[in-house]
Amino acid sequence: MKQHVARNLGLVVGILTVVFMTAPLVLVVLFSFNDSVVMTFPIKGLTFDWYRTLLSRDDFWGALRNSVIVTLAVGAGSTVIGTLAAMVIVRMRPRVSALAMSLFGLPMMMPPLVLALALLTLFSALGVRLSLMTVVLAHLTFTMPFVILIVTARLRDFDTAMLDSARDLGASPWTAFRSVTFPIIRPTLFGAGLIAMALSLDDFIITFFMLGGGNTLPTLVWGMLRTGVDPSINALGALILLATLGTSALALRITGYRG
Amino acid sequence: MLQRAIDSSPHSPITDAVPAGAPLVRLTGVAKDYNGFQAVHPLDMTIERGDFVSILGPSGCGKTTLLRMLGGFITPSQGRIEVDGVDVTALPPEKRATNMVFQGYGLFPHMSVRQNIGYGLRLARTPAREVAERVEEMVDLVQLGAFAERAPTALSGGQQQRVALARALIMRPKVLLLDEPFAALDLKLRKAMQDEMRRLHDAIGGTFVFVTHDQTEAMALANRIAVMEGGHLRQLGTAEEIYLHPANHFVSAFVGEANFVRAMRRNGRVALSNGLTVVSPGEDGDVEIGVRPERLMIGAPAEGADVCLRGSVTERLFLGAHVQYRVLTESGETLVANALEGHFSPGDSLRIGWNLADQWVVAS
Ligand SMILES: Nc1ncnc2c1ncn2[C@@H]1O[C@H](COP(=O)(O)OP(=O)(O)OP(=O)(O)O)[C@@H](O)[C@H]1O
Ligand SMILES: [Mg+2]
């Protein structure tokens, strides 16, 4: 009897938590289709008007373009550099590699605000002008640790006898990588790259500090909020949500993540 | 036809430069030191063309290290490795005329069996038609026809083993290196693979170096056995030599069961406990006389033996193929004798003896 109560209580708490966490997201999506300027219940009717309003804004297209550039550059950059780093790390002696991992992981654990300030200080000290380039560099610092973590884990359980065999059969180190390592870890690299892209796509704080002018999608949301709440923000939010969820889901699927 | 294939190896031009009769592989003072841990002490070794050499020794004695130095995966900390007259000490694996079958096989999971086998030839830019022909030749040789389009992960252990073998053999290596290739297989499959290895070696010739810690496997396969202990090469010889005339105590005990009787050597003669002395050159001092349990005679036959002692049976074990007796001699040594007859029981007094031809003398 007691157990029964405890189990039900657990279930109730679980459901409440899920509701609490997803309700705001559901609301955003719901109101993005709501046929009314005021965001209140009950929903009057469904419309695509807010999406139409959003797509007719010039600053939306600029922000979308910037977001696409940054996301793709960060995805490609952090995958390539992170993979190279991971390949070096797995060759290190255990204690050295543990140290390297925690050093690389530092930006991931720092509060984004602190990281943003630190990078801003660095760039202004170096006299680097803020641009999409600085945004990309900044995003690399916190997306790369994820790539390194994922790829290192994959490489650690990579059967080294395969590489030895490749070398033995005439492959140079590079040929062995190209013909054996890469095809085998390719899904992991895609997955890691997509996770980096998802992280980059919805970053606001660091982007906000690094962006010289213009907008990315998250800074556009912020800008629109300041000039008055309009349901087309919800449309934008829903689009960002869709893109982030899409890349993450694809990443999990490709890397074969199960629960 | 395969013999011709081996002879026309891509590496063969060098062969002409080497005087006939020179060993195919020559190790001179080769040693490996892992940050102060001496895994292989300086050793010399030669391997002749056509040899099937087994490197035999207990776990951790440096067998893999030695083999990987031959393959180019570990650089010796000192010494020189020559293959076919060419110094390969500093060459990476891809530049060596050796190929290796690894303990974990190292098959490529993203390629079919055929693609795995053809990998090395494709890298060498062999014309596609020749690759296809030679792959087929190998598939037939290792009897994998039915599985050739499968991924290696869909094969049994023994089948994977054969793919690894074919993938190395297709390169027509001057020396094929194998690191405990059958360690992961069950006893029955292991025996079958040993037969297959013998068949392969007979069929295609070539020079094989095979690492194992199982002395029966070494004897079943190799024409020469290198026994290692603690990074030292203790003896290199035929199965008969290492079994019947082991060079020291370790080899005596590692390659089979052995009895040891203490004795003294003085002026090149060893005195046995029954007063007999035998010529045995070497340093003066304590020595051990070794003799195998199955070479000991008990009861009536022992009376005619070169060495004959009195003793009493302390234990009798029926082991199926033979009966094992433990005999305490009057001089206080315990000897283990394997005999076919089983009519002695514990407590019986008997004679136990052996012929001088069946004993060996090692320093103790
Ligand atoms: N990279 C390394 N660093 C330090 N020591 C090593 C290294 N590789 C091997 N050793 C040591 O060198 C010795 C010989 O190793 P090796 O792998 O050659 O043994 P083995 O005879 O093949 O043993 P096994 O039968 O267990 O495979 C072992 O004591 C091992 O601990
Ligand atoms: Mg080994």
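Suppose the filter is hydrophobic (A, V, I, L, M, F, W, C), assigned to a loop (DSSP other than H, G, I, E, B), within 12 Å of another protein chain (Cβ to nearest Cβ) and more than 30 Å from residue B:239 (Cβ to Cβ); does residue B:121 pass it? No: the conditions fail for residue B:121.
Applying the criterion of being in a loop (DSSP other than H, G, I, E, B) and crowded, with 24+ Cβ neighbours inside 10 Å to the residues of the range B:95-104, the residue that is farthest from the other protein chains (Cβ to nearest Cβ) is B:96. Kindly indicate whether any position in the range B:96-107 is within 17 Å of the chain's Cα centre (by Cα), within 12 Å of ligand 2 (Cβ to nearest atom) and not assigned by TED's automatic domain parsing to the domain that holds residue B:28. The answer is yes, given that some residue of the range B:96-107 is within 17 Å of the chain's Cα centre (by Cα), within 12 Å of ligand 2 (Cβ to nearest atom) and not assigned by TED's automatic domain parsing to the domain that holds residue B:28.
Here residue B:223 meets the list (1) within 17 Å of the chain's Cα centre (by Cα); (2) away from ligand 1 (no atom under 16 Å from the Cβ); (3) within 17 Å of residue B:49 (Cα to Cα); (4) buried (at least 19 other Cβ atoms within 10 Å of the Cβ) almost entirely, failing just condition (4).
Annotation: residue B:76 fulfils all but one of (1) touching a residue at least 24 places away in the same chain (Cβ under 8 Å); (2) closer than 16 Å to residue A:172 by Cα; (3) more than 16 Å from ligand 2 (Cβ to nearest atom); the unmet one is (2). Taking strands (runs of 3 or more DSSP E) as the structural unit, those lying wholly within the range B:280-364 and holding at least 2 residues that are loosely packed, with under 15 Cβ neighbours inside 10 Å and within 35 Å of the chain's Cα centre (by Cα) correspond to B:285-291, B:307-318.
Would you call residue B:46 polar (S, T, N, Q), away from ligand 2 (no atom under 16 Å from the Cβ), part of a strand (DSSP E or B) and in contact with a Pro (Cβ under 7 Å, 6 or more places away or on another chain)?
Working: polar (S, T, N, Q): yes; away from ligand 2 (no atom under 16 Å from the Cβ): yes; part of a strand (DSSP E or B): yes; in contact with a Pro (Cβ under 7 Å, 6 or more places away or on another chain): yes.
In short, yes.
Close Cβ contacts (under 7 Å, 6 or more residues apart or on different chains) running from residues in the range A:163-175 that are within 7 Å of another protein chain (Cβ to nearest Cβ) to residues that are in a loop (DSSP other than H, G, I, E, B) and buried (at least 23 other Cβ atoms within 10 Å of the Cβ) comprise A:164/B:102; A:164/B:106; A:165/B:102; A:165/B:106; A:169/B:171.
Across the range B:124-170, what is the total count of residues that are assigned to a loop (DSSP other than H, G, I, E, B) and either at pLDDT below 90 or surrounded by fewer than 24 Cβ atoms within 10 Å (Cβ to Cβ) (or both)? Count: 13. Quickly run through the range A:222-239 and pick out the residues that are over 16 Å from residue A:52 (Cα atoms) and either in contact with a Gly (Cβ under 6 Å, 6 or more places away or on another chain) or hydrophobic (A, V, I, L, M, F, W, C) (or both). Across the range A:222-239, the qualifying residues are A:222, A:225, A:229.
Against the criterion of being over 20 Å from residue B:48 (Cα atoms), buried (at least 18 other Cβ atoms within 10 Å of the Cβ), more than 14 Å from chain A (Cβ to nearest Cβ) and within 16 Å of ligand 1 (Cβ to nearest atom), residue B:210 does not qualify. Scanning the range B:249-277 for residues that are touching a residue at least 12 places away in the same chain (Cβ under 8 Å), over 25 Å from residue B:338 (Cα atoms) and either assigned to a strand (DSSP E or B) or in the same structural domain as residue B:233 (by TED's automatic domain parsing) (or both) yields a count of 4.
The values are calculated or read from the model by the stated rules, or taken from the named source; none is laboratory data. Note that the coordinates shown come from a computational prediction; the quantities given were computed from them, not determined experimentally. Reconstructed Cβ throughout: ideal geometry from the backbone, glycine too, with neighbour counts over all protein chains shown.
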